[in-house]
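One structure below.
The values are calculated or read from the model by the stated rules, or taken from the named source; none is laboratory data. Predicted, not measured: the structure shown is a model, and the values here were computed from it. Cβ placement follows ideal geometry from the backbone for every residue including glycine, while neighbour counts extend to all protein chains displayed. Only protein heavy atoms, including side chains, enter the accessible area calculation; ligands, DNA and RNA are left aside. Shrake-Rupley method; radii C 1.70, N 1.55, O 1.52, S 1.80 Å.
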Amino acid sequence: MLRYTLRRLLAIIPVLLIVSIIVFMIVHLTPGNPAYLILGEDSSPEAIEQLEQQLGLDKPKVAQYFDWLGSIFTGDLGQSIYSEEPVTQIISERIGPTFSLMVISMLLTLLVAIPTAIFIVWKRNTMLDPLFLSGSLLGTSIPEFWLALLLVLVFGVTIPIFPVAGYISISESLMDWLHHLILPGIVLAAVEIGLIARMLRDSMLESVNQDYTKTARGKGVKESTVLMKHVFSNALIPTTTVIGVTIAGLLGGTVIIETIFTIPGVGQLLIDSIHRRDYPVIQGVVLVIAFVYVLINLIVDLLYAFLDPRIRYD
Amino acid sequence: MLRRKRNLIPFIFLILLLLATLTATWWLPVSPSFMDSSLRLMAPSAEYWFGTDHFGRDIFGQTIIAARVSLLVGFTVALLSTILGTITGLIAGYYKKLDSIIMRIIDGMLAFPSLLLALALVAALGGSVTNIIIALTFSFWPVMTRVVRSSVLQVKNIQYVEAAKTSGIKDPVILSRYILPNVLSPIIVQGTFIFAKSILAEAALSFLGVGVEPSIPTWGNMLQEAQIYITMAPWFSIFPGIFIVITVLALNILGDGLRDAFDPYAKGKKKAKKRMFKHKKQYAS
C-alpha cells in the first residue's frame, strides 16, 4: 500500500505542473497587452508601465512563469486588480458557501441514487429498468441552469416555500442555511443522480449473477438479503470512484448554480471576475478548483486501492 | 445501425431540425427578427405558438433560427475534438515512448472539470463563436484521446497488426489501414456524446454571458435574455430550454444506441459475454 501511495503521489507532480502551465497561460493567451486589457485602451502610459511591472510582464515569459510558480508555493496568488486585496484572502472568504452547497448536493445525490439503484436492481426484470434507463438519459440531457430557472419559477412564484436567492452562513442560523441551500442543492443533485444511479446499477448488475450470489440464493437466502449483503456491499467498492465523478460534476455545476441563486461562493467569484477581467483572481480560482479536483481524485484512487487489493499489484 | 427504430427516431429529429433551421426564412410566417413593441411578452397563442419576447419578436421563429449556431458549435467541436483526439490517441497508443508524454499532458488537462477549463479559456480569449469552439474543443478532446488510446492498446498486439509490422509496412499505413478501422466505433460513439455535451456547454457559457456574442441568437443567449422575465413571461425561458433538452436527448439516445449496435456482445450472445468477463477478471488480477 505504501509503495502504491508513493507512486500515486509522484504521478500527480507532472499533472500539477501541466495545470499550472495552463493556468499561467490564461493571462498570456489574451490578445494584445494584458495591461491594456485590464486598464482599458485610453489609460496613461505610466499606469500601463506600473501595472506591467506589478504583473512582471516586462520579463521573458519563462522567467515570468517561474516567478509566478515560486510565489504560488509560498501561498501568494497575487493581488486582485479590482479590489486590490490578496487573491488568497478573497478566495478563502468565498469557500464556505461553495463547500456548503457541495456537501448538501452530494448528500442529496447519494441519498436518492443509492436506494434507486438498489430498487432498480431488485426489480431488474420488470418494465422499471428500461424506464429508469430512459429517465437517467433524460436527466443528463437537461441543462442545469434551465432546471434552476424552472425551479425558481415554481418555488419562487407558484409555491413560495423556498428562498430563490441568497445565502445565510451556517454560524448565523443552521435552519436558514439549510433553507437557502435546498433549491440549489436539488438542482445540482438532479443532474448527478441519473448518472450516479446508472453507474451503481451497472456495477451491481455485474455481481448479481456471480457464483457467490448464486450460492447464497441456493442456500435459501432471501433475495433482498442477497442484494443488500452480497451484491450491494461488493458494488460499494466501485462506488468510491463514483463519488469522485460526482464531485467533479458538482465542481463545474456550482459555477452556474451560484450565479443563478446569487450564492456568494467561488463560482460566482469566477464569473464576476471574468466580467471584470480580473485575471489574478480568475487564475487563482481556476488553480484552486483544479488543485482540489486533483486531490479528490488522488484520495479516491488511494481509497479504491485500499478497499480492493487487486489494484495495488497492477 | 439506423435500421433500429430507437436510433432512427432521434436521427430523423436531428435531420428535420437541421432542415427546419436552414430553410427557416422561407417558411416562417413571421420573420423572427421582426420587432413590434406593442406585442411585447405575449403569452403563446394560435399566431405566436411560443409567445413573444421582450422586443415583441416571435419566440418560435427565434428558437428555430437559434438552432443554427447551437448546432454549428456542437458539430464543429465534436468534429475537431474527434480529429485531434484520434490523432493523439493513435500516436499515444502505438508509440510507447510518446505515450507517457502525451498522456501526462492529457491528464493535466483532465484535471479541470470540463466547464471550468472552457471558462478559463473564454476568459482569456473573449467570447465569440470561434473562441467558444476553440475553448470547448480544448476541453473535450482529451477525453477522446483517452478513448482512442485505450482502444488502440487493445488491438495493437493482435496478430494481423504484428504480421503487417514484420512484413515491413510503414507505421502511418498500419495506423490508418489496420488500426483505425478497428477503433472507429468507440470514436463515433464518443463523438456523438461530445456533440451533445458541447451543445449543453455552449448554452451554459452563453447563459452566463461569457459565450457567443449576445447579438447572435443561440439557445443559451435566448435563455440569458429570458432570465429576468422568468416570472412575467415564463414561456420565454421554457421553449428554448425544451429545444436544448430534446436535441441533447436525441444525441444521447443516438450515442447510446450506436454503442449497443457496435457492441457484438450486446446482441444476446450471453456466453460470449461471460467469457469476456472471465478474461477481464484475469486481466485485472
Give me the residue from the stretch B:92-107 that is touching a residue at least 12 places away in the same chain (Cβ under 8 Å) and away from chain A (no Cβ under 14 Å) and, out of that set, surrounded by the fewest Cβ atoms within 10 Å (Cβ to Cβ).
B:Y94
For the stretch A:251-300: of the residues being under 17 Å from A:F145 (Cβ atoms), open to solvent by 10 Å² or more (accessible area, probe 1.4 Å) and out of contact with any Ser or Thr (no Cβ under 8 Å at 6 or more places or on another chain), which is farthest from the other protein chains (Cβ to nearest Cβ)?
A:T262
Within the stretch A:1-69, which helices (runs of 4 or more DSSP H) (wholly inside it) include 3 or more residues that are modelled with pLDDT of 80 or more and within 30 Å of A:R310 (Cα to Cα)?
A:2-28
B:P214 meets each of (1) away from chain A (no Cβ under 11 Å); (2) modelled with pLDDT of 80 or more; (3) touching a helix residue (DSSP H, G or I) at 6+ places or on another chain (Cβ under 7 Å); (4) surrounded by 15 or more Cβ atoms within 10 Å (Cβ to Cβ) with one exception, condition (4)
Is it the case that B:G209 is small (G, A, S) and either open to solvent by less than 10 Å² (accessible area, probe 1.4 Å) or more than 9 Å from every other protein chain (Cβ to nearest Cβ) (or both)?
no
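Give the residue, chosen from A:A248, A:A305, that is under 30 Å from A:L10 (Cβ atoms), open to solvent by less than 20 Å² (accessible area, probe 1.4 Å), more than 8 Å from every other protein chain (Cβ to nearest Cβ) and not β-branched (V, I, T). Explain how you work it out, then say what you get.
Numbers: A:A248 fails: more than 8 Å from every other protein chain (Cβ to nearest Cβ).
The match here is A:A305.
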Which number in (1) at pLDDT 90 or above; (2) within 14 Å of chain A (Cβ to nearest Cβ); (3) over 17 Å from B:L200 (Cβ atoms); (4) open to solvent by 20 Å² or more (accessible area, probe 1.4 Å) marks the one condition that B:T145 misses?
(4)
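Residue by residue, here is whether (1) within 30 Å of B:F195 (Cα to Cα); (2) open to solvent by 60 Å² or more (accessible area, probe 1.4 Å); (3) at pLDDT 85 or above holds:
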| site | (1), (2), (3) |
| --- | --- |
| A:L110 | yes, no, yes |
| A:A113 | yes, no, yes |
| A:F119 | no, yes, yes |
| A:I161 | no, yes, no |
| A:S207 | no, no, no |
Reported set for the stretch A:181-204 where residues are open to solvent by less than 40 Å² (accessible area, probe 1.4 Å), in contact (Cβ under 8 Å) with a residue 40 or more places away in the chain and either more than 10 Å from A:T109 (Cα to Cα) or of a type outside the set (G, A, S) (or both) is A:L181, A:L183, A:P184, A:V187, A:L188, A:V191, A:E192, A:I193, A:I196, A:L200, A:R201, A:M204
Looking at (1) within 30 Å of A:T239 (Cβ to Cβ); (2) open to solvent by 70 Å² or more (accessible area, probe 1.4 Å); (3) of a type in the set (D, E, K, R), which one does A:E144 not meet, given that it meets all the others?
(2)
All but one of (1) of a type in the set (A, V, I, L, M); (2) over 26 Å from B:L205 (Cβ atoms); (3) not in a helix (DSSP H, G or I) hold for A:I120, so report the exception by its number.
(3)
Evaluation of B:Q227 against (1) farther than 16 Å from A:L138 by Cβ; (2) open to solvent by 50 Å² or more (accessible area, probe 1.4 Å); (3) in a helix (DSSP H, G or I); (4) more than 8 Å from chain A (Cβ to nearest Cβ) (one fails), failing number
(4)
Check A:I22, A:I90 and return the single one that is buried (at least 17 other Cβ atoms within 10 Å of the Cβ), of a type in the set (A, V, I, L, M) and within 14 Å of chain B (Cβ to nearest Cβ).
A:I22
